[in-house]
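Please treat every number below as a calculation from the coordinates, not as lab data. All values derive from a computational prediction rather than experimental measurement. Please note: Cβ atoms are built from the backbone with ideal geometry, for glycine as well, and neighbour counts cover all protein chains shown.
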Amino acid sequence: MNKWEKNDLFIAETLIAEDVELKNILEFNRQNNLPDWEVSSPQGKFLYLLAKIRNAKRILELGTFVGYSTIWLAKALPGDGTVISLEYEQAYANIARKNIEHAGFSDKVTILQGAAVDSLNALIKAKEEPFDMIFIDADKPLYPTYLDLSLQLSKPGTVIYGDNVVRDGELYNADTSDQKVRGVREFVENLNKSRTLESTALQTVGIKGYDGFTISVVI
Ligand code: DHB
Ligand code: MG
């Protein structure tokens, strides 16, 4: 184990109360060889703290996967708070619904199964109330489209978080042919072009390797 992995484990052991439901989700994922896309526990707690600091009542998540970050976000909500989470893969949505039920958050979480672009357009068309916080974590090549649509579900003060934008250090690489890197690069560039956003990005190391995230606020 390298130092940043050791430190992530120390941070998790020292600052993050063990949660059996969350631990079981990770265990299930490993046993079933699912991708390791879920956030680390320090990052999950970070999202939870961000939602608390923002006093978020309404959170939108793009990319439920198995519901691990969804549960962290739901934990931060007040009694009448809600998470709407979008997931393309039926199998992941089914696992997530089960995980969220076990964790006791079924009343706070709605998973919309389908392409996030379609669900976002449906929410916009239905004049869904704007969200306080939006966690973008779905298909990386589509991040620029997710941003355009997310802005239509935002209001001044909405916090927009973009996961996995540094991608093993490739974000800077204008010559890359990796569609995921190209997607997140255009996303980051569009954050800067948007006159309604103030943004930054931070790089991270830990048990998930070398990555990073953007954070923006709608002004
Ligand atoms: C990938 C996606 C994620 O959401 C993540 O946290 C890590 C990696 C990926 O598609 O490579
Ligand atoms: Mg991610």
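Descriptive notes on the structure:
- By the rule of a C-alpha distance below 25 Å, with chain neighbours fewer than 8 residues away ignored, the lysines paired with Lys57 are Lys45, Lys75, Lys98, Lys108, Lys125, Lys127, Lys155.
- Summing charges over all other residues whose Cβ lies under 12 Å from the Cβ of Met133, with Lys and Arg as +1 and Asp and Glu as -1, gives +3.
- Summarising the label geometry, the points placed 7 Å from Cα in the beta-carbon direction at Lys3 and Asp178 lie 2.4 nm from one another.
- In order along region 96-112, phi translates into HN-Hα couplings of 4, 4, 5, 4, 5, 5, 4, 7, x, 10, 4, 6, 9, 10, 10, 9, 9 Hz, rounded to whole numbers, per the Karplus curve 6.51 cos²θ - 1.76 cosθ + 1.60 with θ = phi - 60° and x for Gly and Pro.
- Estimated from the Cβ-Cβ distance and a Förster radius of 25 angstrom, the FRET efficiency linking Lys155 and Ala115 is about 0.55.
- Label-zone membership for region 81-107, site Gln31, 7 angstrom Cα→C-beta point, backbone N under 20 Å: 91-104
- Förster radius 25 Å - calculated FRET efficiency between Glu21 and Asp107, Cβ distance, rounded to 0.05: 0.95
- In Hz, Karplus ³J(HN,Hα) per residue of region 57-70 (6.51, -1.76, 1.60; θ = phi - 60°; x = Gly, Pro): 10, 10, 10, 10, 10, 9, x, 6, 6, 9, x, 5, 5, 4
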